[in-house]
Amino acid sequence: MMKQKILIVDDTPENISVLMALLENHYTLIAATNGEKALQLASTEPRPDLMLLDINMPGMDGYEVFNRLQQSMQTKSIGVIFITALSDDQHEEIGLELGAVDYIRKPFTPDIVRTRVHNQLELKQYKDHLEEMIFHRTEEIVHLQDALIVSMGSLAERRDPETGGHLKRTQHYVRLLAKLLLDHPNFREYLDENIIELLFKAAPLHDIGKVGVPDEILFKKGKLTDEEYEQMQYHVPFGAEVINDIQNALGREIELSQVALQIIEGHHEKWDGSGYPKAFKGREISIPGRIMAVADVYDALICKRHYKSPIPHSEAVQMISEESGTHFDPDIVEAFITHEGRFRDITLKFSD
């Protein structure tokens, strides 16, 4: 097993020699006599597990070194034991309030040094093991969550065998659109890499509410009557109800379910206010809903359904272009048209 690594920082070489003599049989030791060198060594792989840090040093003192360590993601997890000749209890209080794990006074008492170093390194080993377990457990939960989302989406999709790749394609359309809009002034305050990933994961749930639509309406080959069309619209509030039930079961709102809810409730709204279920208009419609609307309609146009034949990609692009400012957000349509070839590539890659 690899020895744990300790960085000793003291401007007096004799103090470093004393600490090395006390600890060298049990740990890998490195040393620095000033703050700049200490920060350099702390950032070098493999990073120290613990730092014994003198407070009273010329130039950059121990407190400043500690603050610099805390400002870096690379070094903020390194435990720090302050070492000092200062006898004022106030300095010990300051050090511990800053976040140091312990405090050792000079002159050194060998048994105290060894015991405190051992305790802190043992604690770090336990903490690292715990964090690794949590990381792997979180990964498992995320994978399970992703699988459940896809399965829930497939539940609605499997009722219609003609839409085999629809979920996969719309996922990728949505992610591509979001990435294209990432730096757009009307979207950059909302979109970031985390939101884009959530949009990708939640997209398969956009029509989950169709599980509640009667077969005679869902599979009807001809045009729906006004009454049937009204019943079809119920798949939106029904899908929202499914997501709300999940949140109620969890006892809290989670970011993924909120994005899914916005997709479900917004993807049949229209820019001019003529959509459903709430007849929202323009930017009243959520960004996830607006993005999903373009992705969903494009895929519906180019694919064969039991009630229609597919149309060529070029015609679908033209139809969406003509609906800019009426059905769709013009900014999203512009991004779609500018990069329409990339959407065709997704279609070919995930064809039925």
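The values are calculated or read from the model by the stated rules, or taken from the named source; none is laboratory data. Predicted, not measured: the structure shown is a model, and the values here were computed from it. Heads up, the Cβs are rebuilt from the backbone with ideal geometry, glycines too, and the neighbour counts pull from every protein chain shown.
A few notes on this one:
- Here region 208-223 is the region considered, the condition is being of a type in the set (A, V, I, L, M, F, W, C) and touching a helix residue (DSSP H, G or I) at 6+ places or on another chain (Cβ under 6 Å), and the residue that is nearest to K168 (Cα to Cα) is I208.
- Yes/no for L218 being free of Cβ contacts under 8 Å to residues at least 60 places away in the same chain, buried (at least 17 other Cβ atoms within 10 Å of the Cβ), within 37 Å of the chain's Cα centre (by Cα) and under 23 Å from S309 (Cβ atoms): yes
- Once region 296-323 is narrowed to residues that are more than 22 Å from K221 (Cβ to Cβ) and of a type in the set (A, V, I, L, M), the residue that is surrounded by the fewest Cβ atoms within 10 Å (Cβ to Cβ) is V317.
- Odd one out for P13 among (1) over 23 Å from D128 (Cβ atoms); (2) crowded, with 18+ Cβ neighbours inside 10 Å: (2)
- Criterion violated by V213 - all others in (1) modelled with pLDDT of 90 or more; (2) crowded, with 19+ Cβ neighbours inside 10 Å satisfied: (1)
- Filtering region 100-117 to residues that are over 34 Å from the mean Cα position of the chain (by Cα) and in contact (Cβ under 8 Å) with a residue 24 or more places away in the chain leaves I104, K106, F108, P110, V113, R114, R116, V117.
- Checked against the criterion of being under 25 Å from the mean Cα position of the chain (by Cα), surrounded by 14 or more Cβ atoms within 10 Å (Cβ to Cβ) and modelled with pLDDT under 95, the candidates A249, A260 yield just one match: A260.
- Total residues in region 11-27 satisfying the condition of being farther than 12 Å from V113 by Cα and hydrophobic (A, V, I, L, M, F, W, C): the figure is 1.
- Among the residues making up region 323-352, a single one is closer than 22 Å to L167 by Cβ, outside any helix (DSSP H, G or I) and among the acidic types (D, E): D352.
- Unique residue being over 30 Å from H313 (Cα atoms), at pLDDT 85 or above, outside the structural domain of N194 (by TED's automatic domain parsing) and in a helix (DSSP H, G or I) when the list is V80, V142, V117: V117
- Region 197-207: number of residues that are farther than 17 Å from R169 by Cβ and surrounded by 18 or more Cβ atoms within 10 Å (Cβ to Cβ): 1
- A Cβ distance below 8 Å, combined with a sequence gap of six or more or placement on separate chains, defines the contacts here; from region 318-347, residues that are on the phi > 0 side of the Ramachandran plot reach residues that are outside any helix (DSSP H, G or I) and loosely packed, with under 15 Cβ neighbours inside 10 Å in the pairs G325/D272.
- Of the residues making up region 278-300, at least one is touching a residue at least 24 places away in the same chain (Cβ under 8 Å), more than 23 Å from the chain's Cα centre (by Cα) and part of a loop (DSSP other than H, G, I, E, B).
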